[in-house]
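Structure, as structure tokens:
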Amino acid sequence: MADTTAQPVEDAPKLVIHHLNDSRSQRILWLVEELEVPYELKKYQRTSERLAPPELKAVNPLGNAPVITDGNLNLAESGAIVEYIIQKYGRGRAQPPESGTIDNLYYTHYAEASLMPMLVNKLIFSIIPQRSPFFLRPILKTAFNAISAKMLDPRLKVHAEMIETHLSKSNGFFAGGDEPTSADYMMIFCLEAWASEGGGDLGPQTKAYIDRIHARPAYQRALQKGGEYAFAKATS
């Protein structure tokens with residue numbers, strides 16, 4: 001009798017992206033769509049309190065997204081995932097031109113090391129009053145608004161000016177060149193999150209950059225497959 005056991009398909013995707021709605025994992029979807037990497041998508045929905053669901057802890061002990069699995073590999077952290085996918089599956093794509101190597105290195109790490117912590121702090125400062133006892137909300141809102149205005153807003157303005165100046169000279173992408181690199185995949189979520197909260201300090205070049213990325217076919221495919229994503233808004 002012939003063996004009817006299902007045989008593994010060699011070209012079946014083994015890369016699995018564990019995707020949480022409204023999260024950094026959207027940048028990973030854009031990356032694999034841009035590079036045309038076969039993958040399996042597993043979706044997770046935030047709770048009513050906007051937290052990651054406990055199911056994600058079965059994939060990664062921190063319960064955060066993004067996470068990928070690739071065979072026996074389990075890898076978290078956006079920067080690590082972006083660099084891993086480009087190195088293993090990029091086939092020479094997503095590489096900066098020689099003139100943009102340092103810019104690519106800098107903005108790949110700047111995104112989460114310098115810019116995103118300030119944006120997260122600003123978000124936390126707005127959430128604390130909302131989730132406090134109602135009689136404390138006016139006091140806490142006033143206090144945290146004052147802290148934000150004094151400690152965060154001036155620094156964010158400096159960052160916005162730096163990004164605007166850079167994009168005005170970089171020929172479309174953070175590392176220059178003809179296609180996105182790791183710097184773009186890392187920076188886009190930060191800029192989207194910033195813009196979605198008003199982004200008053202973002203300059204016209206930065207807003208135009210966000211809109212150009214959103215218009216890319218690969219980005220649109222990532223949106224369709226990933227589902228709910230509150231940050232994919234036009235900046236004008």
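The values are calculated or read from the model by the stated rules, or taken from the named source; none is laboratory data. Nothing here was measured: the structure is a model prediction, and the numbers come from that model. A quick note on method: Cβ atoms are made from the backbone with ideal geometry, for glycine too, and the neighbour counts reach across all protein chains shown. These area figures cover heavy atoms from the full protein model, side chains too; ligands, DNA and RNA do not enter into them. Shrake-Rupley method; radii C 1.70, N 1.55, O 1.52, S 1.80 Å.
Points worth noting:
- Tyr106/Arg155 FRET efficiency (R0 25 Å; Cβ-Cβ; nearest 0.05): 0.90
- For segment 67-175, convex hull volume per residue from C-alpha positions, Å³: 122
- GluC sites (Glu not before Pro) restricted to DSSP loop in segment 15-46 with at most 15 other C-beta within 10 Å: Glu36
- Top of Leu140, Leu123, Leu202 by mean-square fluctuation, Gaussian network on the chain, Cα under 10 Å: Leu140
- Label point of Arg91 set 7 angstrom out along Cα-Cβ; within segment 170-207, amide nitrogens under 17 Å from it belong to 179-180.
- Only one residue of Gly63, Ser126, Pro38 has its Cα farthest out toward the positive end of the dipole of the chain, where Lys and Arg carry +1 and Asp and Glu -1 on Cβ, and that residue is Ser126.
- Within segment 60-139, trypsin sites (Lys or Arg not before Pro) in DSSP loop having at most 16 other beta-carbon neighbours inside 10 Å: Arg91, Arg93, Arg131
- Both radii are taken from the alpha-carbon atoms of the chain; with Rh as the Kirkwood radius, Rg/Rh is 1.02.
- Calculated SAXS-style log₁₀ I(q)/I(0) at q = 0.13, 0.17, 0.20, 0.25 Å⁻¹ - segment 146-236, Debye, Cα scatterers: -0.45, -0.75, -0.99, -1.38
- Remark: the Arg216-Lys57 segment gains 54.0 nm on full extension, using 0.36 nm per residue and subtracting the alpha carbon distance.
- Of the accessible area of the chain, computed with a 1.4 Å probe over protein heavy atoms only, carbon and sulfur atoms account for 56 percent.
- Full extension of the segment from Ser99 to Ala146, taken as 0.36 nm per residue of separation minus the current Cα-Cα distance, would add 12.7 nm.
- A simple spin-label model places pseudo-atoms 7 Å from Cα toward Cβ; at Asn74 and Ala230 they are separated by 2.9 nm.
- Over segment 18-128, volume per residue of the alpha carbon convex hull, in Å³: 115
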